[in-house]
1. Could you check segment 16-40 and list, in sequence order, the residues that are of a type outside the set (D, E) and touching a Leu at 6+ places or on another chain (Cβ under 9 Å)?
2. Would you pick out the residues in segment 1-26 that are touching a residue at least 24 places away in the same chain (Cβ under 8 Å) and either open to solvent by 70 Å² or more (accessible area, probe 1.4 Å) or hydroxyl-bearing (S, T, Y) (or both)?
3. Give me a count of the residues in segment 16-38 that are within 13 Å of A64 (Cβ to Cβ) and within 10 Å of the chain's Cα centre (by Cα).
4. Name every residue in segment 27-69 that is open to solvent by less than 60 Å² (accessible area, probe 1.4 Å), of a type in the set (S, T, Y) and either touching a Gly at 6+ places or on another chain (Cβ under 6 Å) or not in a helix (DSSP H, G or I) (or both), in order of residue number.
Amino acid sequence: MSYILTFANTHAAILAEKALLQAGYSVGVMPLPSGIKAGCGIALRVDDYIASNAFLKDNNIVVAAVYQTSANAHETVYSEVVL
């Protein structure tokens, strides 16, 4: 299962990616999926949102929202995770 982190602006998304990669987290940059109507146009995909989000908070990088991904027979579904 993966999670999508959204950010208020592109600068925050790039800063978060750089910090997570330097700390050894598995992270991928992706365009904001059309099923998510929040944040800037860039999102990060992570496997462990609890550790990633805690790390980003400790480094004063604000995550706008976190979405859990799941797939059904026809599409990928994004469910917002309450922080």
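The values are calculated or read from the model by the stated rules, or taken from the named source; none is laboratory data. In this text the structure is predicted, and so the values were computed from the model without any measurement. Every residue, glycine among them, receives a Cβ derived from its backbone with ideal geometry; neighbour counts consider all protein chains shown. Note: accessible area is taken over every heavy atom of the protein model, side chains too, but ligands, DNA and RNA are not part of it. Shrake-Rupley method; radii C 1.70, N 1.55, O 1.52, S 1.80 Å.
1. Taking segment 16-40 first, the residues of a type outside the set (D, E) are 16, 18-40.
Matches in segment 16-40: A16, A19, L20, S26, V27, G28, V29, M30, A38, G39, C40.
2. Just the residues of segment 1-26 that are touching a residue at least 24 places away in the same chain (Cβ under 8 Å), to begin with: 1-10, 12-17, 19-20, 23, 25.
Scanning segment 1-26 gives M1, S2, Y3, T6, A8, N9, T10, I14, L15, Y25.
3. Residues of segment 16-38 within 13 Å of A64 (Cβ to Cβ): 16, 32, 36-38.
Okay, now just the ones that are also within 10 Å of the chain's Cα centre (by Cα), so 16, 32.
Matching residues across segment 16-38 total 2.
4. Within segment 27-69, Y67, T69 qualify.
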